[in-house]
Protein chains: 2
Amino acid sequence: MTDAAASPGAAWPGACPAPLAPLAGQVALGHGSGGRLGHELLKRLVWPAFDAPGNPLGARGDAAVLADPALGGARLAFSADAYTVSPLFFPGGDVGALAVHGTVNDLACAGAVPRWLSAALVLEEGFPLEDLARVLASMRRAADAAGVLVVTGDTKVVERGKGDGLFVVTSGVGVVPPGTPALAPDACRPGDVVLVSGTLGDHGVAVLSARERLGLGPDLVSDTAPVHDLARALLAAAPGTRCLRDPTRGGLAAALVELGRASGAGFALDEAALPLSEPARGALELLGLDPLFVANEGKLCAVVPEAEAEAALVAWRAHPLGARAARVGRCVAGRAGGLVVRTPVGGQRTVELPRTDPLPRIC
Amino acid sequence: MTDAAASPGAAWPGACPAPLAPLAGQVALGHGSGGRLGHELLKRLVWPAFDAPGNPLGARGDAAVLADPALGGARLAFSADAYTVSPLFFPGGDVGALAVHGTVNDLACAGAVPRWLSAALVLEEGFPLEDLARVLASMRRAADAAGVLVVTGDTKVVERGKGDGLFVVTSGVGVVPPGTPALAPDACRPGDVVLVSGTLGDHGVAVLSARERLGLGPDLVSDTAPVHDLARALLAAAPGTRCLRDPTRGGLAAALVELGRASGAGFALDEAALPLSEPARGALELLGLDPLFVANEGKLCAVVPEAEAEAALVAWRAHPLGARAARVGRCVAGRAGGLVVRTPVGGQRTVELPRTDPLPRIC
């Protein structure tokens, strides 16, 4: 019983979050977060700058889906991400693997088969060439494993003190196979089931532990991995899937708040059902972090109709990356973007996105 | 007579450039240049990391051309560029317009009609939000004017002192119309004609003047502009066009050295034929800079068969951005990537790419 508190139609208890500060002044670290400040920057400044009728940016997907007479019947997915993770090398991965996986995963969330990547590097003067070679080799391994080619790119260098070693920006193009269900953040309906493909929070705490040299043990590793096979397996097993998200910055909570806002509904989660690895559980407790807000880099969150939830779980669990897939909650009627969590002792708490991430520069 | 010194089959006088230093140690500013050091980084570290049979990266184009059964008959162009220009605002443009034009122009060099862009922003904590709004508005204006949509992106923030205000990374996808001639850097043949679509060096000296507050006058402005219409006009008028290049970092010289290396030929230019704006000519003289090495952001360089050169020039000159298009030299037999310049007084000088750019962070 992972979703008793989240039956369809459950009343929404949460109040509106505190009003946002006006968007003026200077860029703050939180503007790059998965929290409210990051959303505010996008909503007030970035999205309005580019929105236009017919622009697929309006769908607010992890990737844009491109369809055009010039493409014949093909539909493409197109996505871009900047990686400013610190440190560049962390247990379980590095900025290179992360940059490949992150863009592959954004394309996967559009139902696409990822095919081609670009890689732009912003190097700081003085960065060791040996480290650059390591990152490039890691990108190649990750690309090979995900079946994508890095086909184009750019390399720039800035003066010492004007960068931070290396930023990697990848973009990617994938092909959405014919017959792939349309996925949309506004398609979630009360009664739908929330699934996650595995344990939560591993990436965020592994990077934090490496950055702060917390020495939380050799078993605490990032989950960075490509999830496109998981995505295709899910869509085959659950063709009615409403939406897929790659819960990175801001964690599962930010992904669900976004889907809820778009769909005009809320979500209710069962805390006891959230899969956690033992090393991440220990680290999260020690650091006082809520796994709902911590970034993942090799996980999917799916909202599926109740009737397809079991088939979806079976499909995920048959995949090595989905062994710990779980049903963690439901879509519920109520405040758009609201999120409640049923605690293990039977209580219920309302979750509001924090103003900013607890962990900056995690991806 | 712009090309008397460059008759087909002219012997190649240049000697090999000095051997490159081994690639070890640390990233230097020059590794991001259009000079030899930048080429060395790509050739020894970046390209080998990603090269593979069937990877269009091997064509070394400004954009990769993607063809695949999944696309039906469509061919796509895909390109990415990081913009670290300093200052962010300069006479005639800003980083936003530059980032849109640069990627549009890379796609244009593949013969594509640019269609969709991504925009990734790496912001430094403390950057004025008002400046960000200006940059985004400039990107939108440039995108609208070029007929492209910004459809996806990402926003990251790094701590104060770990960035330089704003880096913009754009990538783009274009559609190569059916019947577009294949363009390839290795297709240049002795006797072919080198054309440029307009004046050279305006962008580089305008940015330098703004950065160093040289006060070289209000008429010295960047040429930043989208050249996709010029590219399509050229390909219609000169379907035998060998290759198109957007002579940015390293200027016309770097573009031609690259084409010459790929084609196993050299180029001979007529210095008196190089079109220069009056403000740029004055600034270049004052600063002691060779226009061949200075970046452009709204120009094309084309290598075309002699028989089509006149038609190509007519097509360019009919376009507002091509009014000062000129025939500036020829492809010649000789050392691969060699470059000679006939001086206005009838002499001849061999041009070697400098180890690094005279002007870092120009784009």
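The values are calculated or read from the model by the stated rules, or taken from the named source; none is laboratory data. Quick caveat: nothing in here was measured; it's all calculated off a predicted structure. Cβ atoms come from the backbone with ideal geometry, glycine included; neighbour counts cover every protein chain shown. Accessible surface areas use protein heavy atoms only, side chains included; no ligands, DNA or RNA. Shrake-Rupley method; radii C 1.70, N 1.55, O 1.52, S 1.80 Å.
Taking a sphere under 10 Å around the Cβ of B:His31 and counting the other residues whose Cβ falls inside, with K and R at +1 and D and E at -1, yields a net charge of -1. Heavy-atom accessible surface of the stretch A:182-350, averaged per residue, reaches 34 Å², computed with a 1.4 Å probe.
Counting, for every residue in B:64-73, the Cβ atoms of other protein chains within 10 Å of its Cβ and taking the mean gives 5. Each peptide in B:87-100, B:267-280, B:45-58 receives the mean, over its residues, of other Cβ atoms within 10 Å, and ordering these scores from highest gives B:87-100, B:267-280, B:45-58.
Every Cα-Cα pair of the protein assembly as shown was included, and the share exceeding 38 Å stands at 36 percent. Under conditions of 4 °C and 1.567 mPa s, the stretch A:59-176 yields 88 µm² s⁻¹ as its translational diffusion coefficient, taking Rh as the Kirkwood radius over Cα pairs in the Stokes-Einstein equation.
Each of B:Glu159 and A:Ala311 was given a label point 7 Å from its Cα along the Cα-to-Cβ line. The distance between the two points is 5.0 nm. If you plug the beta carbon distance of B:Glu285 and B:Arg189 into 1/(1 + (r/R0)^6) with R0 = 35 Å, you get a FRET efficiency near 0.50.
Run the quick spin-label model on B:Ala52 and A:Arg324: label points 7 Å from Cα toward the beta carbon, then report their separation in nm to one decimal. In this crude spin-label approximation the distance works out to 2.9 nm. Helices that extend 24 Å or more along their long axis by alpha-carbon positions and average at least -0.5 on the Kyte-Doolittle scale are, among the DSSP H runs of chain B, B:129-146.
Within straight-line reach of B:Lys299, meaning a Cα separation under 23 Å, sit the following lysines at least 8 residues removed in sequence or on another chain: A:Lys156.
Chain B against chain A buries an accessible area of about 6800 Å², both chains summed, 1.4 Å probe radius.
Most fluctuating residue of A:Gly215, A:Gly25, A:Gly260 in a GNM of chain A with Cα springs under 10 Å: which is it? Top of the fluctuation ranking is A:Gly25.
When the Cα convex hull of the stretch A:294-363 is projected onto planes of every orientation, the mean area is 6.8 nm².
Based on Cα atoms of chain A, Rg over Rh with Rh as the Kirkwood radius reads 0.95. A Förster distance of 56 Å, applied to the separation of the beta-carbon atoms of B:Lys43 and A:Ala336, puts the FRET efficiency at 0.60.
With helices as the sole contributors, the protein assembly as shown gives -8000 deg cm²/dmol at 222 nm; each DSSP H run of n ≥ 4 counts as -39500 (n - 2.57), and the sum is divided by every residue.
Within the accessible surface of the protein assembly as shown, defined with a 1.4 Å probe on protein heavy atoms only, the carbon and sulfur portion equals 55 percent. With a 10 Å cut-off around each Cβ of B:131-139, the average count of Cβ atoms from other chains is 3.
Distances between placed amide hydrogens fall under 5 Å for B:Leu166 paired with B:Glu124, all partners being 5 or more residues away or on another chain. What accessible surface, in Å², does a 1.4 Å probe find on B:Asp144, ignoring ligands, DNA and RNA and rounding to the nearest 10? Only protein atoms counted, so the area is about 90 Å². Here the Kirkwood formula puts the hydrodynamic radius of the stretch B:78-142 at 12.6 Å, using every distinct Cα pair.
Averaged over residues, the count of other Cβ atoms within 10 Å places the peptides B:148-156, A:76-84, A:174-182 in the sequence A:76-84, B:148-156, A:174-182, highest first. Within the stretch B:104-150, none of the GluC sites (Glu not before Pro) combine a DSSP coil assignment with at most 15 other C-beta atoms in a 10 angstrom radius.
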